[in-house]
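Asker: To start, I am sharing the structure in question, which I have written as structure tokens.
The values are calculated or read from the model by the stated rules, or taken from the named source; none is laboratory data. Because the structure is predicted, anything quoted here is derived from the model rather than measured. Methodologically, a virtual Cβ is constructed for each residue, glycine included, from the backbone with ideal geometry; neighbour enumeration extends over all protein chains shown. Remember, those area values only see protein heavy atoms, side chains included, never the ligands or the DNA or RNA. Shrake-Rupley method; radii C 1.70, N 1.55, O 1.52, S 1.80 Å.
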Amino acid sequence: MLLKDKVALITGGAGRNGLGYATARMMAAQGARVVILDLARAEPAAAAADLGEGHLGVVADVTDKASCDAAAAEILQKLGRIDILVNNAGITQPRKTLDITGADYDAVLDVSLRGTLYMSQAVLPAMREQKSGSIVCISSVSAQRGGGILGGPHYSAAKAGVLGLARAMAREYGHDNVRINCVTPGLIATDINKGLIPDDKLQGILDGIPLNRIGEPNDVAGCVVFLASDLAKYLTGVTLDVNGGMLIH
């Protein structure tokens, strides 16, 4: 098993049809003890219980530094280590540039970008002490192509910020044997976009995807598991596209 005896923390992972939970399932199947971190209303404990015995659900808000630090401390107290962090938590809004309010900007940037920073800060000391660790950040094809599907420009900015933050952290922590990489999913069939794409627009999107289909959560989960595992032990600072060929050019 690729992740035997590893402790893997996944933020925003309680939604059963999301990328985070698909990753949690696959990591559990590969031998990891999985910690699902999410807001109280998402019921992370129930999501973790559905994975089977030995997994943990933790309530925390990634936009609050004290909450992230407390969550990491709880995990270390209960499980003894943190080997993998998946910065998955994020929100999106379909806004045009002139319609983005300050509150819109704060909401999207705080979860995707500030949350990635705060949760990484919370686990990095333990990873440095262990002299090993893998952080996988979920960005988006929107960061590379300038949106154009669902999220507004502030979503593209947040996800582009994740790419830059991850690369900078990868440079800083490589000497501690902590690897930090990104995945940039294309359009994936999750609850975040369910019912939001009209049929005529969907066909146009499919015409631009060489594999001619929308992605599935497991398509992304497999790539996250790869980056988290020792199969990728000489990869850090990379951006792995998972978009069916949408960005071939």
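Asker: Which ones in region 142-155 are open to solvent by less than 20 Å² (accessible area, probe 1.4 Å), at pLDDT below 95 and part of a helix (DSSP H, G or I)?
Answerer: Within region 142-155, just Ser142 meets the criteria.
Asker: Just to be sure, is Leu2 under 28 Å from Gly151 (Cβ atoms), touching a helix residue (DSSP H, G or I) at 6+ places or on another chain (Cβ under 7 Å) and either modelled with pLDDT of 95 or more or among the charged types (D, E, K, R) (or both)? I'd like the intermediate steps shown before the answer.
Answerer: Numbers: under 28 Å from Gly151 (Cβ atoms): no; touching a helix residue (DSSP H, G or I) at 6+ places or on another chain (Cβ under 7 Å): yes; either modelled with pLDDT of 95 or more or among the charged types (D, E, K, R) (or both): yes.
The answer is no for Leu2.
Quick grid of which residues meet (1) in a loop (DSSP other than H, G, I, E, B); (2) small (Gly, Ala, Ser):
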residue: Ala157; (1), (2): no, yes
residue: Arg171; (1), (2): no, no
residue: His175; (1), (2): no, no
residue: Thr190; (1), (2): yes, no
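Asker: While we're here: Test Ala28 against the stated conditions and say whether it is touching a Leu at 6+ places or on another chain (Cβ under 6 Å) and part of a helix (DSSP H, G or I). Can you show your working first?
Answerer: On the way: touching a Leu at 6+ places or on another chain (Cβ under 6 Å): yes; part of a helix (DSSP H, G or I): yes.
For Ala28, the condition - touching a Leu at 6+ places or on another chain (Cβ under 6 Å) and part of a helix (DSSP H, G or I) - is met.
Asker: Would you call Ala73 under 20 Å from Gln121 (Cβ atoms) and surrounded by fewer than 19 Cβ atoms within 10 Å (Cβ to Cβ)?
Answerer: Here the answer is yes, as Ala73 does meet what is asked.
Asker: Since Asp176 meets every condition but one in (1) acidic (Asp, Glu); (2) at pLDDT 95 or above; (3) within 16 Å of the chain's Cα centre (by Cα), which condition does it not meet?
Answerer: With respect to (1) acidic (Asp, Glu); (2) at pLDDT 95 or above; (3) within 16 Å of the chain's Cα centre (by Cα), Asp176 is out only on (3).
Asker: Tell me which residues, restricted to region 1-55, are open to solvent by less than 40 Å² (accessible area, probe 1.4 Å) and at positive phi.
Answerer: Residues satisfying the conditions are Gly12, Gly31, Gly52, Gly54.
Asker: Quickly run through region 56-68 and pick out the residues that are touching a helix residue (DSSP H, G or I) at 6+ places or on another chain (Cβ under 7 Å) and open to solvent by less than 60 Å² (accessible area, probe 1.4 Å). Step through it out loud before you land on a result.
Answerer: To start, the set of residues in region 56-68 that are touching a helix residue (DSSP H, G or I) at 6+ places or on another chain (Cβ under 7 Å) comprises 56-63, 65, 68.
If the condition is that a residue be touching a helix residue (DSSP H, G or I) at 6+ places or on another chain (Cβ under 7 Å) and open to solvent by less than 60 Å² (accessible area, probe 1.4 Å), then Leu56, Gly57, Val58, Ala60, Asp61, Val62, Thr63, Cys68 are the ones that fit.
Asker: Something else now. Do you know which residues across region 101-119 are within 17 Å of Asp38 (Cβ to Cβ), open to solvent by less than 50 Å² (accessible area, probe 1.4 Å) and not acidic (Asp, Glu)? If you could, list the steps in order and put the result at the bottom.
Answerer: First, the residues of region 101-119 that are within 17 Å of Asp38 (Cβ to Cβ): 107, 110-112, 114-116, 118-119.
Narrowing further to those that are open to solvent by less than 50 Å² (accessible area, probe 1.4 Å): 107, 110-112, 115-116, 118-119.
The answer is Ala107, Val111, Ser112, Gly115, Thr116, Tyr118, Met119.
Asker: Something else about it: Quick check: anything in region 12-19 within 14 Å of the chain's Cα centre (by Cα), closer than 25 Å to Ala158 by Cβ, part of a helix (DSSP H, G or I) and in contact (Cβ under 8 Å) with a residue 40 or more places away in the chain?
Answerer: Checked against the condition, which is being within 14 Å of the chain's Cα centre (by Cα), closer than 25 Å to Ala158 by Cβ, part of a helix (DSSP H, G or I) and in contact (Cβ under 8 Å) with a residue 40 or more places away in the chain, region 12-19 yields at least one hit.
Asker: Here are the criteria: (1) crowded, with 21+ Cβ neighbours inside 10 Å; (2) of a type in the set (Lys, Arg); (3) more than 15 Å from the chain's Cα centre (by Cα). Tell me which single one Lys159 does not satisfy.
Answerer: Condition not satisfied by Lys159: (3).
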